[in-house]
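Report on the structure given below.
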Amino acid sequence: MACCLRPVLLVIVTAWLMLAVSAARSETLSIGKGEAARSQWTQMTPPAEGWTSVALPDDWSKRWSDFSGVVWYRLRFSVDEPDRPRDVMFDYWTLAGAVWLNGALLHRDASLVEPLSRSWNVTRLFTLSAPLLRKGENELLIRVSGLAGQQPGLGSVTLGAEGELRAQFSRIILLRHGVPMFGLALSAMLGLFFFVVWAMRRSETAYGWFALFALAWSAYLLNQLVESPWPFATSGQWARGTILAFTLACTAFFIFMFRFAERRFPRWEALIWSYFLLSSAILIFIPEERLEAARIILSISFVFLFLAISALFLALTWRSRRLDYIGLNLCNIVVLAIGVHDLSLFSGLIPGTMYVSGFASPLRAICMAVVLAWHFVGSLSRVERFNADLVAKVAVARQELAQTLGQQHELALAATRMEERAQLTHNLHDGLGGALVSNIALLEHDPARLAPERFLAMLKELRDELRLVIDVSSGESGEQRTIVEVLAPLRRRYGLLFESCDISCRWAIDELEDRTLSSRQSLDLTRFVQEGLTNVIKHSRATIVDVSARGEGGRLCLTIADNGRGFVAAGTEMKGAGLDSLQARAKRLGGKLTARSDPAGTHLQLVIPV
Amino acid sequence: MQARLSTILTRLGCAYEALHFAGCLVSARACLAARRFSMVLVDVGLPDGSGIDLVKDCRAANAAAPVLVITAWRQERVVLAALQAGADGYLLKERDDIEVALSIRSCLVGGAPIDPFVARRILELAAPAAASAALLSAPHAPQLTSRETEILGLVAKGLTNREIAEVLALSKLTVEVHVKNIYRKLAVGSRTEAVFEARGHGLLS
């Protein structure tokens, strides 16, 4: 990449030199003329013949086109007072070189054959003193190794009193080394930073493209700073690599601009990538002798691409009031203006010597950093605002939800209370109420028939009904109970009673473990068994009772059989009211009662669905 | 209730003069201090405290006399608390006179009246995995033998002691001894655990 910026840099340095010259009085002297002669790559002594007069700075490709090899420059100057040391400053030599004063070596680059050292952008200052410095005529001999396609030659050489050129030298070093180094560091740092941002957040593609641009640009800037040929095997590869980095940077910048404007132009992008791939292929495969032309064409085309996308971005975001867009546009315009200014200056359209393009790279990097940081912070602020909104909305929603839930809860509570009250009323009405009404009716119609036992039974029934209502209402035994659980206390109690009456009672309870009954059903079943067994104890005079409860499909089959004297013998009372009561309970259980009684025994069978 | 019990007891052959009634915890304790009783019937809900405390007092005063709880309370916590305090039986007031009489008689002749629902609760208590955590924690659970567990299982199914004796080929007396042992184990568990007493007070206050 000695090619692209060479004229610009050259002029910048010249400008600085001229400024310095105007500032200094006295002995500063630019050596404008010398002699040059060609030789072989390996020859380490100047040729005897072939010397021709040249003006400095010299690009020998204009004189000896297609010559790649070593050119010797011989510069002569005279000194009056050899005891006063003098400074000599070589602006550059392209690419590698060595310097002798009066036959004594002053400096030699590390590699004078391929891969060549890269001194094309390196300014050197030497202090010359006695005894090397002689009174009268002195001779500087410069051996330059260069390649045809890379502007081979020697830059301007300046002589001055000792210390006189120091300030100037420092300024040139700053310009040639410091500023690009600063730009490279900034660019690489930004590239890495946004690469990491993109890697962690793939959706921010603009950052990814900017990272690629910045890193490629850093690679491109290396060309101005690196003096050793590493990592390339030849200077030609260096040139190819540099221009490749430049085209990649331009392409990435192109895509970045689209993404930053939050736009996609698939066809244009495909076209750009195709062009990039094509130019890459050209750069890689083009023969060495055509490289120079290809480099210039590609460089110019990509510079135009650079300018085109800047203009396109301006067009895309012209109406936007977003500060990051405005900032990027301003940045592009400044870079554009720098380019236009320097080109105008270079071509003599406007007078003056103040070239500023050397500062474009760090300036752009700083601008981009500011713009992207602004963009980044903007995104963060949006996220924060969104979060704050979200928190507020969540709070509101939560409040509403709490309110709704509270209302629902109250409604549910009210409904539950209503339901409970209704249930209680229902239980009271159906159970206790029903029992009361029927018993009152019985008493009213036929008070004389009512034996004290019946009266007692009525009251006990009422007590049971009340107990059930209380149990259900208080939730005490509202849960379902298994039939076995229901029958166990009965079995125990009547077992004891039958034992005390010397009646043998046999129970058979099968396949009922998992059948459950509600409280109401439990009570009715309990009462049914109680009444059936009480009848046996009180009236039947039986000696054996069989109680069996079997599960049959979805039904419970309960049988109470005794070997007593039967209803008829026991008297009408038992047959009438007792059987009625059993029938009523069977009906309430939704089941069917079959009663068979003869003098040999009584058989009650209740079948209910469970 | 007092009249009902006195009728039942006199029908069972007790002399009316031998019966003493107390209406509250204080007078009951005075009675206990004054003489020895061959049997004590205690209601849980007393006007000035819990009958369960009285059960403990009775146990402390005379370990031999049977103590029967007869009450309207049916909550399992109360039942277990009473048994753990050392009661020999738990009767519900709502039962018929004849059932109450049978239980008292059984108790007087050295038996141990036990209701299927009481048996079920004890079984749940003895198998901590199945026991409700609100009832008792594992350390209070009585360590029942397999025979005792078997008997309790049969009781819970509703078998009478005589039937159990037939099923297990034991004497009825042996079955009753087992039941008494079960009660005693419950009581031992409670006596060693002051914590439980506090809980008992708490839930009855």
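Could you tell me whether A:PHE213 is open to solvent by 70 Å² or more (accessible area, probe 1.4 Å), closer than 22 Å to A:SER361 by Cβ, among the hydrophobic types (A, V, I, L, M, F, W, C) and not assigned by TED's automatic domain parsing to the domain that holds A:PHE126?
For A:PHE213, the condition - open to solvent by 70 Å² or more (accessible area, probe 1.4 Å), closer than 22 Å to A:SER361 by Cβ, among the hydrophobic types (A, V, I, L, M, F, W, C) and not assigned by TED's automatic domain parsing to the domain that holds A:PHE126 - is not met.
Exactly one condition in (1) surrounded by fewer than 16 Cβ atoms within 10 Å (Cβ to Cβ); (2) away from every other protein chain (no Cβ under 14 Å); (3) modelled with pLDDT under 85 is false for B:GLU150; which is it?
All conditions pass for B:GLU150, except number (3).
Any chance you could count how many residues in the range A:396-430 are under 30 Å from A:LEU462 (Cα atoms) and free of Cβ contacts under 8 Å to residues at least 24 places away in the same chain?
So the answer is 11.
Looking only at the range A:253-307, count how many residues are surrounded by 13 or more Cβ atoms within 10 Å (Cβ to Cβ) and assigned to a helix (DSSP H, G or I).
Adding up the residues that qualify gives 32.
Results for (1) surrounded by 14 or more Cβ atoms within 10 Å (Cβ to Cβ); (2) in contact (Cβ under 8 Å) with a residue 24 or more places away in the chain; (3) farther than 22 Å from B:ILE122 by Cβ; (4) touching a Cys at 6+ places or on another chain (Cβ under 9 Å), shown as yes or no for each residue.
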| site | (1), (2), (3), (4) |
| --- | --- |
| B:LEU25 | yes, yes, yes, no |
| B:VAL42 | yes, yes, no, yes |
| B:SER50 | yes, yes, no, no |
| B:PRO66 | yes, yes, no, yes |
| B:LEU80 | yes, yes, no, no |
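Listed here are the residues, each with its yes/no results for (1) out of contact with any strand residue (DSSP E or B) (no Cβ under 6 Å at 6 or more places or on another chain); (2) more than 12 Å from chain A (Cβ to nearest Cβ); (3) assigned to a loop (DSSP other than H, G, I, E, B).
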| residue | (1), (2), (3) |
| --- | --- |
| B:ILE70 | no, yes, no |
| B:VAL79 | no, yes, no |
| B:LEU83 | yes, yes, no |
| B:ILE98 | yes, no, no |
| B:SER103 | no, no, no |
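Considering (1) in a loop (DSSP other than H, G, I, E, B); (2) at pLDDT 85 or above, say which one A:ALA36 fails and leave the rest.
A:ALA36 satisfies all of (1) in a loop (DSSP other than H, G, I, E, B); (2) at pLDDT 85 or above except (1).
Which numbered condition in (1) open to solvent by 30 Å² or more (accessible area, probe 1.4 Å); (2) in contact with a helix residue (DSSP H, G or I) (Cβ under 7 Å, 6 or more places away or on another chain) is the only one that A:GLY149 fails?
(1)
Residues that are part of a helix (DSSP H, G or I), closer than 30 Å to A:ASP324 by Cβ, open to solvent by 10 Å² or more (accessible area, probe 1.4 Å) and of a type in the set (A, V, I, L, M, F, W, C): does the range A:159-171 have at least one?
no
Regarding A:ILE297, is this residue in contact with a helix residue (DSSP H, G or I) (Cβ under 7 Å, 6 or more places away or on another chain) and at pLDDT 85 or above?
no
Can you tell me how many residues in the range A:69-82 are surrounded by 15 or more Cβ atoms within 10 Å (Cβ to Cβ) and in contact with a strand residue (DSSP E or B) (Cβ under 7 Å, 6 or more places away or on another chain)?
Qualifying residue count, the range A:69-82: 9.
Is it true that B:GLY111 is touching an Asp or Glu at 6+ places or on another chain (Cβ under 7 Å) and either open to solvent by less than 40 Å² (accessible area, probe 1.4 Å) or within 11 Å of chain A (Cβ to nearest Cβ) (or both)?
So B:GLY111 passes the test.
Give me a count of the residues in the range A:111-128 that are open to solvent by 30 Å² or more (accessible area, probe 1.4 Å) and within 16 Å of A:VAL70 (Cβ to Cβ).
3
For (1) at pLDDT 75 or above; (2) buried (at least 16 other Cβ atoms within 10 Å of the Cβ); (3) not assigned by TED's automatic domain parsing to the domain that holds A:ARG527, each residue gets a yes or a no:
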site	(1), (2), (3)
A:ASN427	no, yes, yes
A:GLY431	no, yes, yes
A:GLY434	no, no, yes
A:ASN439	yes, yes, yes
A:ASP446	no, no, yes
A:ARG449	no, no, yes
A:LEU456	yes, no, yes
A:LEU459	yes, no, yes
A:ARG463	yes, no, yes
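Do the conditions hold for A:ALA542, that is, is it out of contact with any Leu (no Cβ under 7 Å at 6 or more places or on another chain), more than 14 Å from chain B (Cβ to nearest Cβ) and either at pLDDT 80 or above or part of a loop (DSSP other than H, G, I, E, B) (or both)?
yes
Please indicate, with yes or no, whether at least one residue in the range A:503-522 is at pLDDT below 80, closer than 22 Å to A:GLY431 by Cβ and at the interface with chain B (Cβ under 10 Å from one of its Cβ atoms).
no
A:LEU496 fails exactly one of the following numbered conditions: (1) over 22 Å from A:PRO599 (Cα atoms); (2) in contact (Cβ under 8 Å) with a residue 12 or more places away in the chain; (3) within 11 Å of chain B (Cβ to nearest Cβ); (4) part of a helix (DSSP H, G or I). What is the number of that condition?
For A:LEU496, the exception is condition (2).
Answer yes or no as to whether B:TYR16 is out of contact with any Pro (no Cβ under 6 Å at 6 or more places or on another chain) and surrounded by fewer than 17 Cβ atoms within 10 Å (Cβ to Cβ).
When the stated conditions are applied, B:TYR16 passes them.
Here is a list: A:VAL54, A:VAL99. Which entry is part of a strand (DSSP E or B), more than 24 Å from A:GLN168 (Cα to Cα) and outside the structural domain of A:SER235 (by TED's automatic domain parsing)?
Just a single option satisfies the conditions, and that option is A:VAL54.
Any residue in the range A:311-338 that's assigned by TED's automatic domain parsing to the domain that holds A:PRO362 and among the polar types (S, T, N, Q): show its pairings with residues that are open to solvent by 70 Å² or more (accessible area, probe 1.4 Å) and not in a helix (DSSP H, G or I) at Cβ separation under 9 Å, as long as the two are six or more apart or on different chains.
Note: pairs meeting the criteria are A:ASN329/A:TRP318.
The values are calculated or read from the model by the stated rules, or taken from the named source; none is laboratory data. Note that the coordinates shown come from a computational prediction; the quantities given were computed from them, not determined experimentally. Counting neighbours? That spans all protein chains shown, and the Cβs are built from the backbone with ideal geometry, glycine included. Calculation scope for accessible area: heavy atoms of the full protein, side chains included, ligands and nucleic acids excluded. Shrake-Rupley method; radii C 1.70, N 1.55, O 1.52, S 1.80 Å.
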